[in-house]
Structures are given as C-alpha cells and as structure tokens.
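Colleague: This is the structure, below, for whatever I ask next.
The values are calculated or read from the model by the stated rules, or taken from the named source; none is laboratory data. As the structure is a prediction and not an experimental result, all values here were calculated from the model. A quick note on method: Cβ atoms are made from the backbone with ideal geometry, for glycine too, and the neighbour counts reach across all protein chains shown. The accessibility values were calculated without ligands, DNA or RNA, using every heavy atom of the protein model including side chains. Shrake-Rupley method; radii C 1.70, N 1.55, O 1.52, S 1.80 Å.
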Amino acid sequence: MTQPLLANKVAVVTGAAQGIGQEIARALHDQGARVVLADLDGDAAQRAAAEIDGGKGNCSGVACDVTSEEQVRALVEGAVGEHGHLDVFVNNAGITRDKSLRKMSVADFDAVITVHLRGTWLGVREASAVMREQKSGSIVNISSLSGKSGNPGQTNYSAAKAGIVGLTKAAAKEVAHHNIRINAIQPGLIRTPMTAAMSPEVFAEREAAVPMKRAGEPAEVAGAVVFLASELSSYITGSVIEVGGGRYM
Ligand code: NAP
C-alpha cells in the first residue's frame, strides 16, 4: 500500500471550525497528518475536529484569535508541545466587512486588515521560527482572487488579500534556505458560510462570470493545500495558485 502524502506530519489550520478551513483540516487528516484546528470559538473547533476523525485523537480543536501575538505563539507552542514538531501551517482565518468606500468605516477597514494581514504575518513568523530549527516545513496562506482583481465593495478585503501575496513572497525569500516553503492560494467563489451571507442574486451573478460556470467547493481549495503541504511541491515556493474555475485567468 502506498504511504499517504502526509504520513507522520503535524499540521495547524487557523479558522478551521467551518468552511474552507475545516475542509483543509479534513484533507490534511485524510492524507495522514495529525491536525490542530484553531478558531476564535474553541468549542466549535473541537466539534469540527471530532467530526473529522471521529474522536480518534488525531485531530484536536483549540481557541485562537489570529490577531493576538500571544495566542498565535501559544497555538504553535501547543502544537509542538503535543506532537513534537510542526510541518504544515495554514493561515486560513478570515472575515469580510463589505461596504462601498462611502459607507466603510475605519473600524471595518482595520478589522479586515488586522485579521488577514496581521494574522497571517503572525502565523508565518511563529511557524517559521519552529520550522527554521527543524530545517523543514510548508506554510500555506489563503489569499483570494479578490486580491488579484479588486472587488467593488471590498477595498479592505482586496487590499488585505493582495497584501498576503506580498507577505508570502517576501517571507518565502527569507526562509527558503532553511528548507521552508511558503505559498499562497487564491480561491475564487467558494460555497461556504462566508459566501452564504451574499444575496442569491449577487451569488448567481458572480457564478455566471466563472468560466467553469459554477462555484467551487471547499474541498477543491483543500486539494491545492494538500499539494503545497506535501513533497509533491518540494521545489515550489513563493507561488500563488488560483483555485477559481478560470475566473480572472
Ligand atoms: P468562513 O466560513 O467565514 O470561515 C472562516 C473561519 O475563520 C470562521 O470559523 C471564523 O470564525 C474564523 N475566524 C474569523 N476571525 C478569526 C480570528 N481572528 N481568529 C481565528 N479565527 C477566525 O470563511 P471561508 O469562506 O471558509 O473562508 C476561509 C478563508 O478563505 C478566508 O481567509 C477567506 O477570506 C478565504 N476565501 C474565501 C472565499 C470564498 O468564496 N468563501 C474566496 C476566497 C478566499 P467566526 O465564524 O467565529 O468569525
């Protein structure tokens, strides 16, 4: 029997209680990794972990607000303390506060920038500090096609998601010689609780603009994460993979 792609690996996924993050955790687990699911709501993260592995103990759920330096540090220390090493870290947690420029407040702007940019930066910094000592690791940052194209009503989110690309490339260059790879994924329109908040008309309009004529599923983003997390992508760093059914190609 062939080995699963991530046998003996330890992974952390932020924002993993639902949506894309939970499917990423499931896909990593299905490839043999032990996975720590982190989310604002620790109970929800624990439920998601139990749902994935049926309570066998290969997945655990913890509370972590990615905007907090102390909590992200504790997340990484906790994973290493429990499992002995850290091989994969996925910065997935995210929020939207969509409004036109005329209506968007500084608080809306700051909230989105802080969760995505500071959160991803903290995750990259703390995870790479451990991986640098191990001389191995893969970090995957979830950006968005919104950061490539710019979406009206999302000046905060598009700026944050474009920023994640710059952060990914700069950090990838800093740590490549330690055998740490850092890549980003730009999903398009994916069916999750985040996009369920959109009006059905807007969702249908966006779906019609996708060349493949359908929204994506969280598992389709997770497949790209497994690729970047595993040795299949051993010579790929600083790259951005679009998972958008051809949108903005
Ligand atoms: P989602 O269903 O809203 O899930 C996001 C998760 O992140 C939620 O569990 C959320 O918790 C958590 N979270 C929010 N702020 C956090 C924080 N400060 N610390 C820790 N966890 C936090 O969203 P999704 O659609 O799965 O999106 C996942 C990622 O993909 C995000 O980065 C998003 O920007 C990106 N993305 C999504 C799409 C799409 O079409 N869905 C497209 C492109 C990119 P609460 O529910 O408690 O807030």
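Colleague: For residue 180, indicate whether it is closer than 30 Å to residue 133 by Cβ and among the β-branched types (Val, Ile, Thr).
Modeller: Judged against the criteria, residue 180 is a match.
Colleague: Could you please let me know if residue 148 is more than 15 Å from the chain's Cα centre (by Cα), within 12 Å of the ligand (Cβ to nearest atom) and open to solvent by 10 Å² or more (accessible area, probe 1.4 Å)?
Modeller: Criteria met by residue 148.
Colleague: Just name the residue that is farthest from residue 136 (Cα to Cα) out of those in region 235-249 that are surrounded by fewer than 20 Cβ atoms within 10 Å (Cβ to Cβ) and out of contact with any strand residue (DSSP E or B) (no Cβ under 8 Å at 6 or more places or on another chain).
Modeller: 246
Colleague: Let me ask you something else. Which of the residues spanning region 68-104 are among the hydroxyl-bearing types (Ser, Thr, Tyr), within 11 Å of the ligand (Cβ to nearest atom) and open to solvent by 30 Å² or more (accessible area, probe 1.4 Å)? Write out each step before concluding.
Modeller: Of all residues in region 68-104, those among the hydroxyl-bearing types (Ser, Thr, Tyr) come to 68, 96, 100.
Next, only the ones that are within 11 Å of the ligand (Cβ to nearest atom) stay: 68, 96.
Passing the criteria: only 96.
Colleague: Filter region 167-208 down to the residues that are open to solvent by 80 Å² or more (accessible area, probe 1.4 Å) and closer than 30 Å to residue 235 by Cβ, then identify the one that is nearest to the ligand (Cβ to nearest atom).
Modeller: That would be 169.
Colleague: How many residues are assigned to a loop (DSSP other than H, G, I, E, B) and among the polar types (S, T, N, Q) when one looks only at region 1-25?
Modeller: Matching residues across region 1-25 total 4.
Colleague: Among the residues of region 1-40, write down those that are open to solvent by 60 Å² or more (accessible area, probe 1.4 Å), away from the ligand (no atom under 15 Å from the Cβ) and closer than 24 Å to residue 73 by Cα.
Modeller: 8, 9, 34
Colleague: Restricting region 209-231 to residues that are in contact (Cβ under 8 Å) with a residue 60 or more places away in the chain and of a type in the set (Val, Ile, Thr), which is farthest from the ligand (Cβ to nearest atom)?
Modeller: Applying the filter and picking the extreme gives 226.
Colleague: Pairs, please: C-beta under 8 Å, at least 6 apart or cross-chain, first residue free of Cβ contacts under 8 Å to residues at least 40 places away in the same chain and over 30 Å from residue 136 (Cα atoms) and in region 181-194, second more than 6 Å from the ligand (Cβ to nearest atom) and of a type in the set (Asp, Glu)?
Modeller: 191/217
Colleague: With the requirement that a residue be under 30 Å from residue 174 (Cα atoms) and among the β-branched types (Val, Ile, Thr), what does region 97-136 give you?
Modeller: Answer for region 97-136, where residues must be under 30 Å from residue 174 (Cα atoms) and among the β-branched types (Val, Ile, Thr): 112, 113, 114, 115, 120, 124, 130.
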